[in-house]
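Undergrad: One structure coming up, written as structure tokens, with questions to follow.
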Amino acid sequence: MFNKRIKIKELLNTAPQEQQVTVMGWVRTFRNNQFVALNDGSTNNNLQIVLELGKHDEELLKRITTSASLKVTGTLIESLGKGQKVEVKAEAVEILGDSDAEKYPLQPKKHSLEFLREKAHLRFRTNTFSSVFRVRHSLAFATHKFFNDKGFFYLHTPIITASDAEGAGETFRVSTLPFDNPPRAEDGSINYSEDFFGRATNLTVSGQLEGELGATALGEVYTFGPTFRAENSNTARHLAEFWMIEPEMAFCDLEDNANLAEEFIQYIIRYAMEHNADDLEFLRQRLLEEEKSKPQTERNELDLLQKLQLVVDNKFERITYTEAIDILLQSNHYKKKKFQYDVSWGIDMQSEHERYLVEKHFKKPVIVTGYPKEIKAFYMRQNEDGKTVAAMDILAPGIGEIVGGSQREERYDKLVERMKEMHVPVDELWWYLDTRRFGTVPHAGFGLGFERMVQFVTGMGNIRDVIPFPRTPKNAEF
Ligand code: 4AD
Ligand code: MG
């Protein structure tokens, strides 16, 4: 049977009693024709394989090159070497797949993240990326566990929709019409009634509207799926395809919503700290190393694990948008004209403003509520002041906005009025409005950008390095 192998993660925690074991993996390094560092992806720690001198065929030894894949059978013994408790004394070594050392694109040395982005198909084989993607897995798994344990239902909302949930016009069109000669109506516009779905459709920007339909029957639901935005932002925080976690709760107001978001974020970080200690320790060191090249003032005061500990141990700060603007206006940073963009009540805060609040002022995550209605989506509940809505954004150190959410406008008339003001097609969203016509309830929800969360936990500076295959403007290789 081929799969009688033991994963290296398990072997490294097994008491050595000279038992026979079979391992398989990829060669990281091969020293002195004797010591193979083998990695199988189950952990960032390698297993040392010892080849007794003279015991193995010369031809075979030559084929043990970086990234060649091996099947090794041998005995598990206590290691006398530094850095590992056990090692395998090889009896039989089989090359499963050769790797031509001359042609293999990755050298057994440090490569820049930019270089590895060009080799995204192989970057999983590095310590950094295998750690990042194991942490990513844990955060995803913890997400399902958190909501399942709370009695939420995982709702699969559609990828292809005919609506624009955020009303921001950043959708990717889905169509099977010929680009060069689409059918046209008399006025020259494209006739989508001849398209695959008989209407214009696009990739979803958010599962929220459908989530609300689920919540107003099942009570508490969440989505966790890919979302797509054709925003031309070439930043370290934006992807054209990203994953979003969107819980939606009936019988819930903005404060309940903020409480849930805070508990959720702390839960999944704690889960990763418990289950990915080795990966996070590796990433902590990586970040310290990276920061050495930065001027002292730009380095973080806390290392990665200290930062995460601080976030799980402390309540998030809660302020209103109006208070946030006041803090910015009172800051020396503002007075010394160090912000690139101006500050006044009503602005959509730029990331420099958000980062000032969390990194310089509060030094921890901040939940900002009560934004001006003009800068927020049509579905947010209008406050009594007539100027603000029951919105909340959560801002995280080093990231900026990580969560966007709100209490929803459950009052039919107010919602329709707002949709008209914002030119959101009332007729097309008849199904959404039906929730407000038949048994409407106070409800709320939020969306957490999953990649931004992975960035926060792993300390990776660029969002392209926390999703296996990033989609960004002018880039869809792999
Ligand atoms: O603030 P947003 O646009 O909110 C919504 O989509 C709501 N429908 C969510 C809800 O209430 N159910 O997006 C939510 C989060 C942001 O806070 C950010 O973390 C992430 O999604 N996000 C992106 N992440 C990566 N790349 C992009 N282009 C992103 N746009 C938003
Ligand atoms: Mg937002």
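Undergrad: Just to be sure I understand the model, the point goes 7 Å from the Cα along the line to the Cβ. What's the resulting Arg411 to Glu301 distance in nm?
TA: Going by the 7 Å Cα→Cβ label model, 4.4 nm.
Undergrad: Based solely on its DSSP helices, what 222 nm [θ] is calculated for the chain when runs of n ≥ 4 H residues each add -39,500 (n - 2.57) and the sum is averaged over all residues, nearest 500 deg cm²/dmol?
TA: After summing the helix terms and dividing by the residues of the chain, the value is -8500 deg cm²/dmol.
Undergrad: Still on this structure, I have one more. Given R₀ = 60 Å, what would the calculated FRET efficiency be for Glu94 paired with Phe153, taking r from the Cβ atoms and rounding to 0.05?
TA: 0.80
Undergrad: Which FRET efficiency, nearest 0.05, do Lys4 and Asn314 yield, Cβ-Cβ r, R0 56 Å?
TA: After rounding to 0.05, the efficiency reads 0.75.
Undergrad: Give a residue-ordered list of calculated ³J(HN,Hα) values for segment 90-97 (Karplus: 6.51 cos²θ - 1.76 cosθ + 1.60, θ = phi - 60°; whole Hz; x for Gly, Pro).
TA: Rounded to whole hertz, the list is 6, 9, 10, 10, 10, 7, 7, x.
Undergrad: Let me ask something else. Mind pulling the angle between the C-alpha long axis of helix 412-421 and the longest principal axis of the chain? Nearest 10 degrees, somewhere in 0 to 90.
TA: Value to nearest ten degrees: 80.
Undergrad: Cross-link partners among aspartates and glutamates for Lys9, C-alpha distance below 20 Å, same-chain residues fewer than 8 apart left out?
TA: Glu18, Asp40, Glu78, Glu87, Glu274, Asp278, Asp279, Glu281
Undergrad: Set the Förster radius R0 to 60 Å, insert the Cβ-Cβ distance between Lys420 and Lys338 as r into 1/(1 + (r/R0)^6), and round the FRET efficiency to 0.05.
TA: 0.90
Undergrad: Now a separate question. Positive end of the charge dipole of the chain (Lys, Arg +1 and Asp, Glu -1 on Cβ, about the Cα centre): tell me which of Ser99, Ser42, Gln455 has its Cα farthest that way.
TA: Checked the options; the winner is Ser99.
Undergrad: Relative to the first principal axis of the alpha-carbon coordinates of the chain, what is the inclination of helix 277-291, with its axis defined by its Cα atoms, in degrees from 0 to 90 and to the nearest 10?
TA: 80
Undergrad: Can you run phi through the Karplus equation (6.51, -1.76, 1.60; θ = phi - 60°) for segment 344-349 and list ³J(HN,Hα) in whole Hz, with x for Gly and Pro?
TA: Computed from phi, the couplings for segment 344-349 are 7, 4, x, 6, 8, 4 Hz.
Undergrad: Right, something else. Report, as a whole number in µm² per second, the diffusion coefficient that Stokes-Einstein gives for the chain at 10 °C and 1.306 mPa s using the Kirkwood radius over alpha carbon pairs.
TA: Result for D is 62 µm²/s.
Undergrad: Out of every Cα-Cα pair in segment 268-378, what percent are more than 21 Å apart?
TA: For segment 268-378, the fraction of Cα-Cα distances above 21 Å is 51 percent.
Undergrad: How big is the convex hull of the Cα atoms of segment 317-357, per residue, in Å³?
TA: 66
Undergrad: Can you give the percent of C-alpha pairs in segment 150-305 whose distance is more than 20 Å?
TA: Summing the P(r) tail past 20 Å for segment 150-305 gives 68 percent.
Undergrad: Could you give me the ³J(HN,Hα) list for segment 119-136, computed from phi with Karplus coefficients 6.51, -1.76, 1.60 and θ = phi - 60°, whole Hz, x at Gly and Pro?
TA: Result, rounded to whole Hz: 10, 4, 6, 10, 5, 4, 7, 9, 4, 4, 6, 5, 5, 4, 7, 6, 5, 4.
Undergrad: How many angstrom lie between the Cα centre of segment 340-407 and the Cα centre of segment 1-78?
TA: 52
Undergrad: Follow-up. Length gain on complete extension for the stretch Thr29 to Leu60, per 0.36 nm per residue less the alpha carbon to alpha carbon distance?
TA: Gain on extension, Thr29 to Leu60, equals 9.6 nm.
Undergrad: Still on this structure: In debye, nearest 20: dipole of segment 211-254 around its Cα centre with unit charges on the Cβ of K, R (+) and D, E (-)?
TA: Computed charge dipole of segment 211-254: roughly 220 debye.
Rule-based calculations on the coordinates, nothing more; no lab input. If you're wondering where the values come from, they're calculated on a predicted model, not measured in any experiment. All Cβ positions, even for glycine, are placed from backbone atoms using ideal geometry, and neighbour counts span all protein chains on display.
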